[in-house]
1. Within segment B:12-20, is even one residue more than 14 Å from chain A (Cβ to nearest Cβ), more than 20 Å from B:Tyr56 (Cα to Cα), surrounded by fewer than 16 Cβ atoms within 10 Å (Cβ to Cβ) and modelled with pLDDT of 95 or more?
2. Please indicate, with yes or no, whether at least one residue in segment A:91-105 is within 11 Å of chain B (Cβ to nearest Cβ) and under 16 Å from A:Leu158 (Cβ atoms).
3. Look through segment B:82-131, keep the residues that are buried (at least 19 other Cβ atoms within 10 Å of the Cβ) and of a type in the set (S, T, N, Q), and return whichever of them is nearest to the chain's Cα centre (by Cα).
4. Could you identify the single residue in B:Leu49, B:Leu53, B:Leu69, B:Leu81 that is in contact with a Cys (Cβ under 8 Å, 6 or more places away or on another chain), of a type in the set (A, V, I, L, M, F, W, C) and either within 14 Å of chain A (Cβ to nearest Cβ) or over 24 Å from A:Arg37 (Cα atoms) (or both)?
5. Could you please find all residues in segment B:1-11 being of a type outside the set (D, E, K, R) and either in contact with a His (Cβ under 7 Å, 6 or more places away or on another chain) or modelled with pLDDT of 95 or more (or both)?
6. Go through the residues of segment B:112-124 one by one and say whether even a single one is within 14 Å of chain A (Cβ to nearest Cβ) and touching a Gly at 6+ places or on another chain (Cβ under 6 Å).
7. Name the pairs whose Cβ atoms lie under 6 Å apart, with the first residue in segment A:84-106 and closer than 18 Å to A:Lys18 by Cβ and free of Cβ contacts under 8 Å to residues at least 24 places away in the same chain, the second crowded, with 16+ Cβ neighbours inside 10 Å and aliphatic (A, V, I, L, M), and 6 or more positions between them or separate chains?
8. Quick check on this structure: which one of B:Tyr38, B:Tyr56 is in contact (Cβ under 8 Å) with a residue 12 or more places away in the chain, crowded, with 20+ Cβ neighbours inside 10 Å and in contact with a helix residue (DSSP H, G or I) (Cβ under 7 Å, 6 or more places away or on another chain)?
Amino acid sequence: MHTAFDLQEQINQTATDKVVIAYKGPLTDVIMAELSRHIRMKLAHEPKICRKIFAIFIELAQNILFYSAEKVNFGYRNDRIGTLLVIQDDNYYYFMSSNKIENIYTHELLHNCKVINALDKEGLRRYKREQRSRPSKDRSKGAGIGLIQVAMISGYPLQMDFYEFDEDFSLYSLCVKVKKNKSEK
Amino acid sequence: MTESLESLNIEGKSGTFFVPSVSFDVNTGDCRLEGESYLENTWEFYDKLTNWLKQYTEKKQAITFSFKLTYFNTSSSKGILDILFLLKDYELAGGEVNVKWHYPEDDEDNLAEAEDFIADSELDMELISYT
């Protein structure tokens, strides 16, 4: 499995036809909607894969929108910054998201990732149902089950990485892959 | 309050957000939620639907609820579950409830979601595939 940093490197080094989506910068609702439409347009020939990539995109882009610790002020706006990449090789689509986070959240995220990666498909279904029926935590603007959903859709372990900038902040990145459906090609 | 209840109609939209179309008929109890659900304020949207249903159930009339959602994010799934809990409560209180879940034939993830909704809400849903 690639790490986020491998993927960045790959984009720098390989032909751009491997890149499906690459975005780095302030993420707004409008940009997110446009990128999601772009994904649908590009993957329209593979409807099943398209649904998966689209659903992963919405959950991970929302995480940046809600939680990125890097913000930019523009007029009255206060947008959060992150990176979203979708690249492909012959067999898989790789989806990567990254953003700056406060170090106080790294432990919880790693723990969640470990729990999720230890579960099989049915285990993930049960875990998602359990978490969905719990009252939302204060920090969670969604249902708090986005990562579980992403792992279920992907069918592969989540690859989570942290690069510590200083004692307060790290770069958080998450990679997932989705197997291409040969019959749809 | 119940007497003044009117049908609830929300036009489905796909813009910056994805708003499902809502058609709740106060005369027939025929309620439909269709399209895609990814919303700016998920709780506000689904609260509106559950509040309407709560008021409707005071009329003690039958409800036929039909879901035909091609996409919903995880936040929306919590709102959908709230609707199902409400319908289950109504059924337990003696209300006549009939729920249909339409899913694209080739979308097993959508079907799995429906099965999990049934398990969580303990409400029977008729699962109907379409092409």
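1. First, pick out the residues of segment B:12-20 that are more than 14 Å from chain A (Cβ to nearest Cβ): B:12, B:20.
Within this subset, residues satisfying the condition of being more than 20 Å from B:Tyr56 (Cα to Cα) are B:12, B:20.
Pick out the ones that are also surrounded by fewer than 16 Cβ atoms within 10 Å (Cβ to Cβ) and you get B:12.
Retained after the next criterion (residues that are modelled with pLDDT of 95 or more): B:12.
Yes: segment B:12-20 contains one or more residues that are more than 14 Å from chain A (Cβ to nearest Cβ), more than 20 Å from B:Tyr56 (Cα to Cα), surrounded by fewer than 16 Cβ atoms within 10 Å (Cβ to Cβ) and modelled with pLDDT of 95 or more.
2. Step one: of segment A:91-105, the residues within 11 Å of chain B (Cβ to nearest Cβ) are none.
Looking for residues that are within 11 Å of chain B (Cβ to nearest Cβ) and under 16 Å from A:Leu158 (Cβ atoms), one finds none in segment A:91-105, hence no.
3. Checking each candidate, the answer is B:Ser121.
4. B:Leu53
5. Of the residues in segment B:1-11, the ones of a type outside the set (D, E, K, R) are B:1-2, B:4-5, B:7-10.
Across segment B:1-11, the qualifying residues are B:Ser7, B:Leu8, B:Asn9, B:Ile10.
6. No, segment B:112-124 has no match at all.
7. none
8. B:Tyr38
The values are calculated or read from the model by the stated rules, or taken from the named source; none is laboratory data. Predicted model, so just to flag it, every value in this text is computed and none were measured. Please note: Cβ atoms are built from the backbone with ideal geometry, for glycine as well, and neighbour counts cover all protein chains shown.
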